[in-house]
Structures are given as C-alpha cells and as structure tokens.
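Structure first, then comments.
The values are calculated or read from the model by the stated rules, or taken from the named source; none is laboratory data. Since the model is a prediction, treat every value here as computed from it, not as a measurement. Cβ placement follows ideal geometry from the backbone for every residue including glycine, while neighbour counts extend to all protein chains displayed. Note: areas computed on protein heavy atoms with side chains; ligands, DNA, RNA excluded. Shrake-Rupley method; radii C 1.70, N 1.55, O 1.52, S 1.80 Å.
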Amino acid sequence: MQSLETITNWALRRGFVFPSSEIYDGFAAVYDMGPLGVELQNAIKRLWWREMVDTRPNIVGLDAQILMHPKVWDASGHTEAFTDPLVDCGACKKRFRADHLYEDATDKNADDMDMEQLGAALKEAGVKCPNCGKDAMGEPRTFNLLVGAEMGVIEGEKETVWLRGETAQGIYVNALRTAEAMRLQPPFGIAQIGKAFRNEITPRNFLFRVREFEQMEMQFFVRDEKMADEQYAFWRERRMQWLREVIGLSEENTRYHEHSPEERAHYATAAEDVQFQFPFGWKELEGIHNRGDWDLSRHSEYSGNKQTFFDQEANEHYIPRIVETSGGVGRLTLAVMSEALDEETLEGGETRLVARFKPAIAPVQVAVLPLSKKDPITEKSMEVFEGLLKGTSLRVQFDETQSIGKRYRRQDEIGTPFCVTIDFDSLEDDAVTVRDRDTMQQERVKIEELAAYLSAKFE
Ligand code: ATP
C-alpha cells in the first residue's frame, strides 16, 4: 500500500480531493471533493443505495434534514454523552485526544477507562506532549462533539441548534410515519445517505477523521430479540461481502473487530466494526450495531409520543429493536483509494502509478483518445465518443491534450479501466484500439461493436 502522503498528493494532483478553502490556507479537517472525487463517491453511493434499497423490498429510503429539534439530541444522549476525552499540554497549549495518546504510547485500549483512570494511566505511561516533547500534560476532560449553530432572526432570541452528529436520529424520528405511509411493519428498514458534523478534537489522517462528513446508514426495525440477533448476523456478513465483492476491498485489508462489552454503547447488545487496513493501521470503516430498543424508547420518553408498533397476534403494543449498519462515505473513499493506488515497475525498469479501481466505481470508465488533434481524426473520434455516450451508460471522457503516452499515464493514474484510441488506420478499417488498464494489452475492435464490447466488460 502507498503511504498516506503519496495518496494525499495524488488525490490533490489528479482532482480527487482538495483541502477546503485552500487559498485561505485551508480549513482544518474539512475537504472538498474534486471532479474525480465526486464521481468516485457518487458511484459508491449509488451502489450502496442499490444494495440497501433498490434490491430490498422491505427497506425504503429517506432524506431527513441536518437540522432537527434540539431535544432529539437530548433523547439520543448526544448532548450528555457524545464526548471525547481531551488533554492540553501546559507548555505549548496544544490539545490532544487523551485516549489516542494513551493508545499510541502503550498499544493498549483505553475504551473502558473513565476520566480519572485515563489521567492516571497517562501519567503512569509517562506520556509527553507529541508536539513539544515536554512533560506537561494536564488532566483529561470531556468535550462535546456536537457542532452548534444559531437560528432565529431576532438578536438575543436566537436558539442554539445542533448540526446533526449522525443521520440515524432523522431515521428514528421518522420511523412511524415512514412505516405508515409505506404500509410497513417490522421487520423493515430505512436507509439514508447524508451529512453529519462532529467537533473532532484531533482530526487526522486525511479523509479518515473530518468535521463534516457523509454517512450511509441503514436502520432495521424488528419485533424481538431473536429477530434482532438474526438480522445482526445477516448484516455483519452481508456488509463485508458488499465491501469486498462490489466495492473491491481485498480480504487481506479487511477484517472484523468485535466490541468488548466495555467498548460498546451501554444500550447495545452487540457491536462489531468492519476494519480496514489503512496506511496508518487497522481502523474502523463501518459499524454494525444491535441497539436493542433504546432509541425508540428514548424518543417515546423525550417526545411524549409513544413510538410503538402493534402486534396483532399478541394483541400488544411494542417498541421495536434496531439493528444498524453505519459507514462513512469519505472514510470508505479513502479506503478505496488506498486499496487501488499502486506503483508498478514495468519491463525496462520504468514505473507507472495506476489506480486499480473496480471498473464499476472508476470515476472515468472509458477514455476516448484521438491520436491527433486534427480532422479527420477529431471528427471520427467525436463520432466514437458520442456513440459511447448514446450506446452505453458508462462514464466516458474525451481526452485529446498531450502525447498519447502521457494520456495513457494520466488515465492509468486516475484508474480508467479502458482507453479507446482512434488512429489513422481507424479512418480505413472503422476500428479502434482498446487498451486495458491492468494488463496494458491492446485489442482492435470494430467501431460498430464498441458499445456492446465495452458494456460487457462492466457487467
Ligand atoms: P470513530 O471511533 O472512528 O470516531 P465512531 O465509532 O464514533 O467512529 P460512529 O459514530 O459509529 O463512529 O459512526 C459511523 C461511521 O461514520 C464510522 O464507521 C465512520 O465510517 C464514519 N465516521 C464517524 N466519524 C467520522 C469522522 N469524524 N470523519 C469521517 N467519518 C466518520
């Protein structure tokens, strides 16, 4: 795997990811998606939607908003417990995540420690400031992760609202309405892709931990514990399968990490992460959680509106249990980029950088490359390009600047699976050369067969 620095530089140079507000020296822990990054992310999101909604009769989509009634976040426990332990350096005043400092220094887990224990553990481990090196770390304390905003038009009467910390709450508060409108009864699921915001204290590792990110979440509502266990077992398998088979993460770089009772939220009966081996180590990519009936119990209590379903057979009202799958779009994009980017040494010692995206998610799927920038080659090439736009559903790019060698390199670097070259022979034989990104083999294909030939490669 390439280093994070190589990946970051490549992503910037090739138009995948840009630091936010870069001309103002950037804005910490926020990144913008460039032209190729947005294509990659859209492809990933579409495949997720297909997997979670389009192909499942009992799962429906939702688009709840970022702004919600502030009480939602009391019910969810975020205003009270959505906190990270922080520690300041008394010398240089820099602020760090206390648990991360401890874990980095000792390779031990800090999840089951309270603030006092963490403070003692940091002292015992002799943790010094990673910035200035001084032995001046203070006591850890908690910090709320919710990002606030002010709403209202009259100064002095503005209300603090929270930018949602997760998309899940929008799903929970719409669960009954959704079920009613769509005539659903548990077991059923609601899926959403949307933005979430967190005041991460020590954002780091590029897209891995940022302050504004997108989540892909599916909440599955079931009648009882037995069904929750079954769904949990199903989704933990299924999510891993999707990440590997559809998105193209390798077995070597993916694994499960089961949460110990101390690690998981107090209400969860089981929780597991799919971890990915990033250039900076094994880290959570997506979580699968069996959340019990906590969420809708809390919303019943805080809203005063019972969030129950009716079981006709048993003749009773009940609060459903929830199994969730929750992953970050940006975090997955970083995993995909880390998995794909490869430096290969060719015969003769030359190296080439190639992004081996699965063809289904490649930002550009076919590049049309005229050998010359003049007619009649240009005219013929435009015909080929338009034929592909009409005859396929692929993302096709027309690329005529620079030498053909440079264009192949560029297309390899952005992970384009196939390049179609139109040369002088094409004018005679109505055929083009199709070059395969991975094997670099070239094949001559008749123009009239090209759309079908290429479409078949993406099935
Ligand atoms: P972590 O322990 O890494 O902070 P978490 O356990 O708080 O993650 P969840 O609240 O379960 O994460 O969020 C679900 C998913 O949302 C994560 O698996 C991750 O993919 C994504 N996610 C969470 N926080 C961030 C962030 N700050 N930046 C990017 N993605 C994030």
In whole Hz, with x marking every Gly and Pro, tabulate ³J(HN,Hα) for region 152-165 from phi via Karplus 6.51 cos²θ - 1.76 cosθ + 1.60, θ = phi - 60°.
x, 9, 9, 4, x, 10, 6, 10, 7, 10, 9, 6, 3, x
Quick one: which residues, 5+ away or cross-chain, put their amide H under 5 Å from the amide H of Lys195? H built at 1.01 Å from N.
Gln215
Roughly how many nanometres apart are two label points built 7 Å out from the Cα toward the Cβ at Glu245 and Glu5?
4.0 nm
Gained length - Glu116 relative to Asp311, 0.36 nm times residue gap less alpha-carbon distance:
65.6 nm
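Where does region 314-436 land on the Kirkwood hydrodynamic radius, alpha-carbon pairs, in angstrom? Display every interim value, and only then the final one.
Values: mean 1/r = 0.0585 Å⁻¹.
Every distinct Cα pair counted, the radius reaches 17.1 Å.
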If all Cα-Cα distances of region 239-337 are sorted into 10 Å bins from 0 onward, what percent lands in each bin, rounded to whole numbers?
14, 35, 25, 17, 8, 0
Under a cut-off of 22 Å between alpha-carbon atoms, report the lysines in cross-link reach of Lys93, not counting same-chain residues fewer than 8 places apart.
Lys123, Lys128, Lys134
Based on alpha-carbon centroids, what's the gap between region 41-82 and region 335-373 in Å, whole number please?
33 Å
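Relative to the present Cα-Cα distance, how much length would full extension add between Glu155 and Arg204 at 0.36 nm per residue of separation? Provide the component values of the computation, followed by the final result.
Values: separation 49, 0.36 × 49 = 17.64 nm, distance 3.61 nm.
Stretched out fully, the Glu155 to Arg204 stretch lengthens by 14.0 nm.
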Using only the alpha-carbon atoms of region 364-457, report the extent along each of the three principal axes, biggest first, to the nearest angstrom.
29, 29, 21
Please compute, over every Cα-Cα pair in the chain, the percentage with a separation greater than 28 angstrom.
60 percent
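Around Asp438, under 13 Å between beta carbons, what's the net of Lys plus Arg minus Asp minus Glu among the other residues?
Values: positive: Arg352, Arg356, Lys358, Arg435, Arg437, Lys457; negative: Asp342, Glu344, Asp412, Asp436.
Charge balance in the 13 Å sphere: +2.
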Using a 1.4 Å probe on heavy atoms of the protein chains only, the accessible area for Phe27 in Å², nearest 10, reads 130 Å²
Please calculate the 1.4 Å probe accessible area of Tyr256, with all protein chains present, and give it to the nearest 10 Å².
70 Å²
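At 1.4 Å probe size, with every protein chain present, just tell me what the per residue accessible area of the chain comes to in Å².
On the way: 22420 Å² over 459 residues.
It amounts to 49 Å² per residue over the chain.
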Under 5 Å between amide hydrogens, which residues at least 5 positions from Gly292 or on another chain qualify, with H placed 1.01 Å from N in the peptide plane?
Thr269, Ile322
Expected vector for region 389-396, Karplus 3J(HN,Hα) from phi with 6.51, -1.76, 1.60 and θ = phi - 60°, integer Hz, x for Gly and Pro, equals 4, 7, x, 9, 10, 7, 8, 10
For region 134-140, just list the computed ³J(HN,Hα) in residue order, Karplus coefficients 6.51, -1.76 and 1.60, θ = phi - 60°, integers in Hz, with x standing in for Gly and Pro.
7, 8, 9, 6, x, 7, x
Unpartnered Cys in the chain, judged by a 4.7 Å Cβ-Cβ cut-off, are Cys419
Quick one: angle between helix 294-303 and the longest Cα principal axis of the chain, in degrees between 0 and 90, rounded to 10, please.
60 degrees
Using a simple spin-label model with points 7 Å from Cα along the Cα→Cβ vector, what separation in nm is obtained for Ala91 and Glu386?
6.9 nm
With a 1.4 angstrom probe the carbon and sulfur portion of accessible area for region 85-144, in percent, totals 44 percent
Using only Cα atoms and rounding to the nearest 10 degrees, what angle (0 to 90) does helix 115-124 make with the longest principal axis of the chain?
70 degrees
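With a 1.4 Å probe and all protein chains left in place, how much of the accessible area of region 187-260 comes from carbon and sulfur atoms, in whole percent?
Numbers: 1280 of 3000 Å².
Carbon and sulfur: 43 percent of the exposed surface of region 187-260.
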Solvent exposure ordering (accessible area, 1.4 Å, most first) of Asp412, Asp438:
Asp438, Asp412
Compute the helix-to-body angle for 4-13: its Cα long axis versus the longest principal axis of the chain, expressed 0 to 90° and rounded to tens.
60 degrees
For region 1-112, the percent of all C-alpha pairs falling in each 10 Å bin, from 0 up to the bin holding the max distance, is 10, 19, 29, 35, 7, 1
One finds, for Arg395 and Lys108 with R0 = 35 angstrom and r their Cβ-Cβ distance, a FRET efficiency to the nearest 0.05 of 0.15
May I ask which of Lys45/Lys374; Lys358/Lys446; Lys283/Lys306; Lys195/Lys457; Lys71/Lys283; Lys158/Lys195 have a Cα-Cα span longer than 30 Å here?
Lys45/Lys374; Lys283/Lys306; Lys195/Lys457; Lys71/Lys283
Which one of Trp48, Pro70, Ala91 is farthest out on the positive end of the charge dipole of region 1-108, using unit charges on Cβ (Lys, Arg +1; Asp, Glu -1) and the Cα centre as origin?
Trp48
Within the chain: Cβ-based charge dipole about Cα centre, in debye rounded to nearest 20 (Lys, Arg +1; Asp, Glu -1):
680 debye
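Mind checking the full-extension length gain between Asn42 and Glu443? Use 0.36 nm per residue of separation minus the Cα-Cα distance, one decimal, nm. Could the numbers behind the result be given before it?
Values: separation 401, 0.36 × 401 = 144.36 nm, distance 3.02 nm.
Here the answer is 141.3 nm.
Report the FRET efficiency, 1/(1 + (r/R0)^6), for Glu379 and Glu459, where r is their Cβ-Cβ distance and R0 is 25 Å, rounded to 0.05. Before the final figure, lay out each step's value.
Details: r = 31 Å, r/R0 = 1.23.
For R0 = 25 Å, the calculated efficiency reads 0.20.
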Region 364-457 - share of DSSP beta bridges that are antiparallel (%, nearest 5)
55 percent
